[in-house]
1. Please list the non-local residues whose amide H lies under 5 Å from the amide H of residue 251, H modeled 1.01 Å from N, same-chain partners needing a gap of 5 or more.
2. Which listed residue (439, 40, 239) has the Cα farthest towards the positive end of the charge dipole for the chain, taking +1 on Lys and Arg C-beta and -1 on Asp and Glu C-beta about the Cα centre?
3. Treating the angle as unsigned and between 0 and 90°, give the value, to the nearest 10°, between the Cα long axis of helix 391-406 and the longest Cα principal axis of the chain.
4. Suppose the chain between residue 426 and residue 402 were pulled fully straight at 0.36 nm per residue; how much longer would it get relative to their current alpha carbon spacing?
5. So who's got an amide H within less than 5 Å of the one on residue 56, skipping anything under 5 residues away but keeping other chains? H placed 1.01 Å off N, in plane.
6. Where does the charge balance sit around residue 92 when Lys and Arg score +1, Asp and Glu -1, over other residues with C-beta under 14 Å from its C-beta?
7. Which shape class applies to the chain: rounded if a/c is under 1.5, otherwise prolate when a/b exceeds b/c and oblate if not, where a ≥ b ≥ c are the square roots of the Cα gyration tensor eigenvalues?
8. How much accessible surface does residue 34 have with a 1.4 Å probe, in Å² rounded to 10?
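The values are calculated or read from the model by the stated rules, or taken from the named source; none is laboratory data. Everything numeric in this text was worked out from a predicted model, so none of it was measured. Here the Cβ is made from the backbone with ideal geometry for all residues, glycine too, and neighbour counts use every protein chain on show. Ligands, DNA and RNA are excluded from the accessible area calculation, which covers all protein heavy atoms including side chains. Shrake-Rupley method; radii C 1.70, N 1.55, O 1.52, S 1.80 Å.
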Amino acid sequence: MDTLQGYLAFVVVLVAMIVIHEFGHFIVAKMLGIAVETFSVGFGPRLLGFRYGETDYRISAIPLGGYVKFRGENMELIQGKSEGSVDEFLSHPKWKRLLVAAAGPLFNIATAILIPTVAILIGYQEDIYNSQPVVIGEVAPGSTAEKAGLRAGDRILAVRDVQNPVWEDFKDEVRVHPYEDIPLKVERNGQVLTLAVRPEIEEQGGEKFGDIDIDLRTDHIGVSSVSPGSPAAKAGIQVGDKIVAINDASVISRNQFRRIVSESKGQEVTLRIQRGQQTFETRAAPEKKGDAYLLGIGIKITALAKRNSLASALAYGWKYNWRIIRLTGVIFKQVFAGQRSARNTLSGPIGIAEQTADTFRLAGWAGVIWLMGLLSLNLGIVNLLPIPVLDGGVILLIIIEALMGLVGLTMTMNMRERFQQVGFVMVLLLMAFVIGNDIVRKISKPAAETPPATQPAK
């Protein structure tokens, strides 16, 4: 039942993103006086729908996208069917057509910013761990961090080119640079040291990421999610509980907690739980998932209160999405440089459906909505790429047309048709590649492996 609901969540996310994207094109076109003949969720043959005014609102057979069809678009003119009406798409000036083309992706990006903005306003609690200065509470014995000379109490003043990083910045830089010596500027007892550390390699979903075994000091582990049917759920652990000790050892860091769970090798561990004013003990046997032993909980240290002002919430939403954009750019740069596998990095609809189902299982609809923001951001950015057929290709075509006009040249219908044909082939090849990746990963993935979602279970 959970799996079915998870894939239903994917359908909801997919339809929502398509409607938001196409509504951007639709509403801007309407505002600018461009006639919209079709608003379709999906491609191919029309399954059902209704007509209101001049527009046919429909659901089509192939649910991998959608489109808005304007009166007098390219193919009608190529086939000689234009009526020369003032509300046809190509009858309008280039700046109007450019705004219409950009509106879909921009609506997706705005949605991605709006989701964390609203979440932080209505009470979403952000883990304080991520916004703290990088003051080391623990360095794992024998780790690359210890070998590089890092010590408990050190403060990281700079990591690579990032000055005065918080823990989130630090983790990001380490995570996406697994094969490099990472330069650090460290303050220790009033002295500034220059060190370099090479991250340890950890694998998730076939892709490699960096990890440095250091952590912030804490006095408890907060439970942010509990996977249904997991060892933690069977032990009676609930969201909001604080784990203050494990096997009679007081909790001092996340890494210490994870290490004890991992080293249990499936043997029961004793957990001391604080729930409100009550403290009690329970026992749980971690389950093996892939190469790790997990209790099935998402963990946090503590939480920040919600933002009360719209300005601070918008700043949070913008910062959150800019961070995702920056990391995505680094990863794609590594793909093109041959440092990462495109096969493991790029996911298609099957992979996204599985990720949505996993997120629903771990974090419910709140997690799915959060994931929708990330996917909406990616959809907006991808559609702005200058690839024919995509919105970015339309924008590129308008710019080329404008530049040609400056030297007295005209964009012919044949040129437009060839441009669109090239883009159509490129998009088909890309879709075949990512769907093929999804199928290969699904066939080769061990049955016991559970891929991480937006808030991994531990």
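1. Correct list: 245, 246.
2. Of the candidates, 239 comes out farthest on the positive side.
3. Around 50 degrees separate the two axes.
4. Numbers: separation 24, 0.36 × 24 = 8.64 nm, distance 2.43 nm.
Full extension of this stretch gives 6.2 nm more.
5. Those lying under 5 Å, H to H, from residue 56 are 38, 39.
6. Working: positive: 30, 71, 94, 96, 97; negative: 73, 87, 88, 401.
Net of charged neighbours comes to +1.
7. Values: a/c = 2.29, a/b = 1.87, b/c = 1.23.
Because a/c hits 1.5 or more and a/b exceeds b/c, the chain counts as prolate.
8. Estimated to the nearest 10 Å², residue 34 gives 0 Å².
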